[in-house]
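This report concerns only the one structure given below.
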Amino acid sequence: MSENSLKLIDFNRPVIVGNEMQYMADAVATGKISGDGIYTKKVHSFLEHELDVPRVLLTTSCTHALEMSAILLDIQPGDEVILPDFTFVSTVNAFVLRGAKPVFVDVRPDTLNLDETKLEALITPKTKAILPVHYAGVGCEMDAILEIAHRHAVPVVEDNAHGLFGKYRDKNLGTFGVMATQSFHETKNFSSGEGGALLINEPRYIERAEIIREKGTNRSRFFRGQVDKYSWVDIGSSYLPSDILAAYLWGQIEQREKIQSHRKNLWERYNGELRDWAYSHEVQMPFVPAHVEQAYHMFYMLMPTLELRQGLIAHLRERSIQAVFHYLPLHLSDMGRGFGGQPGDCPITERISDQLIRLPFHNVLSAEDQGRVIEAILEYDF
């Protein structure tokens, strides 16, 4: 078989892993497929218990969960929010939509997480939120971040899109800040196609979060029998996902041990079989601190140069293997420059953005296909 006729190995592939189809049919059969149906409640209850979180609210995306957090923190025009330069645009957009000015902090060269040693110097009287992102499901240095945040009385909102079931010092990611957000996009460990969740760790935010999520009405209180009718009481939007999506997600979460075990095996095989090649070619492998339990969200490598990174992507493509790069520096984007971003502001982000390559990594990647990926990389000599 020629290389060009090889079966394509997808970077990501959304798949059925359990009873997703059965549960979606069951949701339809109940006669209620709008938000907060039986499967939404199953997911809420499970995550609240498993993560020990006072309240979890499913949303239509992680982006919308972030938008809710910006509203809950009453972000106003001119407020500042600090976030890593190396993250997806949703983290910043949610707060810019409220008029905030983003303040980008560079990332650590080892974990690619927000560099906590550069955080305090960026805090001003206008700082209204700190937004750590647990990149690749590897926890940020939350002890240091929280100590700084508490000293300056600035709330922390964790963007935990990558990190469900990951831990930092034996505590679940997403449970450190006043709030945290999750993603259930099709590229995540557990998916509903599009979806997210807001984790609320400070009970004082719960009632208003329910109102914001229900279009600014106190509809949740009405359904609990706490008021005899509901009305418009605050700003809000329609952030509830269909119960069909929650049913699909519940089918995935039920298989969490199987999914996480498979992803752990994939990660450890990549890490083990590529390490010698990486060392001999000055390629940086992922770093997971000893006090962190990662979520096994992705496997990436940092090539020595942009040219070698692009060369490896092309080399793999020729062998019917999809590999991709990741975020571009936010401060150098058109929007970022509009907020004053200049070359050299975040040198680590600028470097790693050119070097990073993500390898195929999903819930049904077979041992045979992973072996093909590894073999192809070992053939890439320079």
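For SER242, state whether it is under 30 Å from PHE361 (Cα atoms), out of contact with any His (no Cβ under 7 Å at 6 or more places or on another chain) and of a type outside the set (Lys, Arg).
Answer is yes for this residue.
Looking at (1) assigned to a helix (DSSP H, G or I); (2) out of contact with any Cys (no Cβ under 8 Å at 6 or more places or on another chain), can you tell me which one SER90 breaks?
So SER90 meets the others, but not (2).
Quick test of your reading of the structure: CYS140 fulfils all but one of (1) out of contact with any strand residue (DSSP E or B) (no Cβ under 9 Å at 6 or more places or on another chain); (2) over 15 Å from LEU199 (Cα atoms); (3) not acidic (Asp, Glu). Name the failing condition by number.
(1)
How many residues does the stretch 348-377 contain that are surrounded by 13 or more Cβ atoms within 10 Å (Cβ to Cβ) and part of a helix (DSSP H, G or I)?
The total comes to 15.
Just for the stretch 298-344: of the residues that are β-branched (Val, Ile, Thr) and assigned to a strand (DSSP E or B), which one is surrounded by the most Cβ atoms within 10 Å (Cβ to Cβ)?
Quick first cut of the stretch 298-344, residues β-branched (Val, Ile, Thr) only: 305, 313, 321, 324.
Restricting the remaining residues to those that are assigned to a strand (DSSP E or B) gives 321, 324.
Details: ILE321: 22, VAL324: 14.
So the residue we want is ILE321.
If only one of ALA65, ALA149 is in contact (Cβ under 8 Å) with a residue 40 or more places away in the chain, assigned to a helix (DSSP H, G or I), buried (at least 24 other Cβ atoms within 10 Å of the Cβ) and not β-branched (Val, Ile, Thr), which one is it?
Only one candidate qualifies: ALA65.
Could you please give the count of residues in the stretch 216-242 that are part of a loop (DSSP other than H, G, I, E, B) and more than 27 Å from THR63 (Cβ to Cβ)? Lay out the reasoning, then the answer.
So in the stretch 216-242, the residues part of a loop (DSSP other than H, G, I, E, B) come out as 216, 218, 224-231, 233-237, 239-242.
Right, trim to more than 27 Å from THR63 (Cβ to Cβ) and you get 224-229, 231.
Residues that pass the stated criteria total 7.
Any residue in the stretch 1-18 that is within 30 Å of TYR248 (Cα to Cα), out of contact with any His (no Cβ under 7 Å at 6 or more places or on another chain), in a helix (DSSP H, G or I) and touching a residue at least 12 places away in the same chain (Cβ under 8 Å)?
No, that holds for no residue.
In the set ARG263, ARG256, which member is of a type in the set (D, E, K, R), surrounded by 20 or more Cβ atoms within 10 Å (Cβ to Cβ), farther than 22 Å from ASP381 by Cβ and touching a residue at least 40 places away in the same chain (Cβ under 8 Å)?
It is ARG263.
Going by the conditions given, is LEU328 under 25 Å from the mean Cα position of the chain (by Cα) and in the same structural domain as GLY371 (by TED's automatic domain parsing)? It would help to see each step written out before you state the result.
Details: under 25 Å from the mean Cα position of the chain (by Cα): yes; in the same structural domain as GLY371 (by TED's automatic domain parsing): yes.
Taking the combined requirement at face value, the residue satisfies it.
Results for (1) buried (at least 18 other Cβ atoms within 10 Å of the Cβ); (2) within 16 Å of VAL178 (Cα to Cα); (3) not basic (Lys, Arg), shown as yes or no for each residue.
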site	(1), (2), (3)
LEU57	yes, yes, yes
VAL89	no, no, yes
GLU116	yes, no, yes
PRO125	no, no, yes
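Run down GLN370, GLN355, GLN310 and say which single residue is within 23 Å of LEU83 (Cα to Cα), of a type outside the set (Ser, Thr, Tyr) and outside the structural domain of VAL105 (by TED's automatic domain parsing).
Going through GLN370, GLN355, GLN310 in turn, just one is within 23 Å of LEU83 (Cα to Cα), of a type outside the set (Ser, Thr, Tyr) and outside the structural domain of VAL105 (by TED's automatic domain parsing): GLN355.
ASN271 is checked against (1) part of a helix (DSSP H, G or I); (2) over 23 Å from the mean Cα position of the chain (by Cα) and fails just one. What number does that condition carry?
Looking at each condition in turn, ASN271 falls short on (2).
If we scan the stretch 262-270, do we find a residue that is touching a Pro at 6+ places or on another chain (Cβ under 9 Å) and outside the structural domain of LEU365 (by TED's automatic domain parsing)?
No - not one qualifying residue is present in the stretch 262-270.
The values are calculated or read from the model by the stated rules, or taken from the named source; none is laboratory data. Predicted, not measured: the structure shown is a model, and the values here were computed from it. Positions of Cβ are backbone-derived with ideal geometry, glycine not excepted, and every protein chain shown enters the neighbour counts.
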